[in-house]
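Here the structure is laid out as structure tokens; the discussion comes afterwards.
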Amino acid sequence: MPSNDCAGLHTGLGPHIGQRAEQRKPFTLPRLREMHTRREAIAMLTAYDATFAAVADAAGVDAILVGDSLGMVCQGHPSTVPVRMDAMCYHVECVARGLARTSGTAMVIADLPYGSYHESPSQALRNAVALMQAGAHMVKLEGGGWTTDTVRCLTERGIPVCAHLGLTPQSVHALGGYRVQGNTADDASRLRTHAVALQEAGAAMLVLEMVRAQVAADITAALAHCPTIGIGSGRGTAGQVLVLHDVLGVGLGRTPRFVRNFLAEGGGIEAALRSYVCAVKDGSFPDDSLHAW
Ligand code: KIV
């Protein structure tokens, strides 16, 4: 992955949230495509409230994911399955307010939670509209194959979609745990077929979670128009995403082995987020020791 000049990132909020040292261009779909064409790495991070959204934005994060991981890190559930639409809308509104207060430029991506898009494309459309009205710029949904028509329905109606394949946490009970995906040739080929179909249906981005590194790299190479964002999927994706709490080394459960505690490196929270962004952009995160699959 080519390196980027992390010195070019603006210097952050300083003591007064709301004052920005330097303005960046808003992270829009055209900007996403431009970055993908130039092979610039995309740095995504989760956030769930106004202040952390503003700090992440100031640290140079391109896209803030209001993930349904909030069910685990904010609500204390053991999985994302109990998360409901009203909670997602609440957290998206908080994040959007934080960015509006600070003239933030990051794109806000909101997860469609468990059960909010499974019945039909029209159910997905109704719930995606609610998330967009709460302040999202894009919605994310999990799964391949059966989700393709839903992705097409949303994108044809002007709602940008981020797809999510590999370990799809909403299906943790069907998958039998948080396991690496793409282990057999059949699994790898199914993932690739689903990824290509999602791109053809209009998906603007594709999260690949805990996919074997070589499989994730192959899928990335197969998708000309849809950047892949990896989490625990090696170095060969077009960008990376992590859960905010993992980057800061705090959590209720076991830390996944692909994460790095950037706060442990010193300098405070904003510096930790900035070093995450720099490490994604210069290709030093993840390193091989963090994904031994
Ligand atoms: O909910 C979430 O935070 C996610 C990321 C782990 C990709 O889906």
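Where a number appears in this text, it was derived from the coordinates with a stated rule and is not lab data. What you see is a predicted model, and the numbers here were worked out from it, not measured in a lab. Note that each Cβ is placed from the backbone with ideal geometry, even for glycine, and that neighbours are counted across all protein chains shown.
Over all directions, the average projected area of the alpha-carbon convex hull for the chain comes to how many nm²? Mind showing how you got there, number by number?
Details: hull surface 53.7 nm².
Computed as one quarter of the Cα hull surface, the answer is 13.4 nm².
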- line: Assertion target for HIS245, HIS164, ordered by fewest C-beta neighbours within 10 angstrom first, is HIS245, HIS164
task: Could you tell me which of PHE258, VAL277, ALA100 has its Cα farthest along the dipole of the chain towards the positive end, charges placed at Cβ (Lys, Arg +1; Asp, Glu -1), taken about the Cα centre?
output: ALA100
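Hey, with R₀ at 45 Å, roughly what FRET efficiency would SER189 and ARG101 work out to, going by the Cβ-Cβ distance, to 0.05? Working shown, then result.
Values: r = 47 Å, r/R0 = 1.04.
The calculated FRET efficiency here is 0.45.
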query: Between rounded, prolate and oblate, where does region 132-175 land on the alpha carbon gyration tensor, with a ≥ b ≥ c its root eigenvalues, rounded for a/c under 1.5, else prolate if a/b exceeds b/c?
result: oblate
- prompt: Taking N as the number of residues in region 198-293, what is its alpha-carbon radius of gyration divided by 2.2 N^0.38 Å?
  reply: 1.12
message: Starting from 0.36 nm per residue, how many nanometres of slack lie between SER79 and VAL250 once their C-alpha separation is accounted for?
response: 59.9 nm
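When the helices in the chain are scored as -39500 (n - 2.57) per DSSP H run of 4 or longer and the sum is shared across all residues, what 222 nm value do you end up with, to the nearest 500 deg cm²/dmol?
On the way: 11 runs with 109 residues, N = 293.
That calculation yields -11000 deg cm²/dmol at 222 nm.
Please rank SER275, SER289, fewest neighbouring Cβ atoms within 10 Å first, as an exposure proxy.
Numbers: SER275 21, SER289 9.
Ranking SER275, SER289 by Cβ neighbours within 10 Å, fewest first, gives SER289, SER275.
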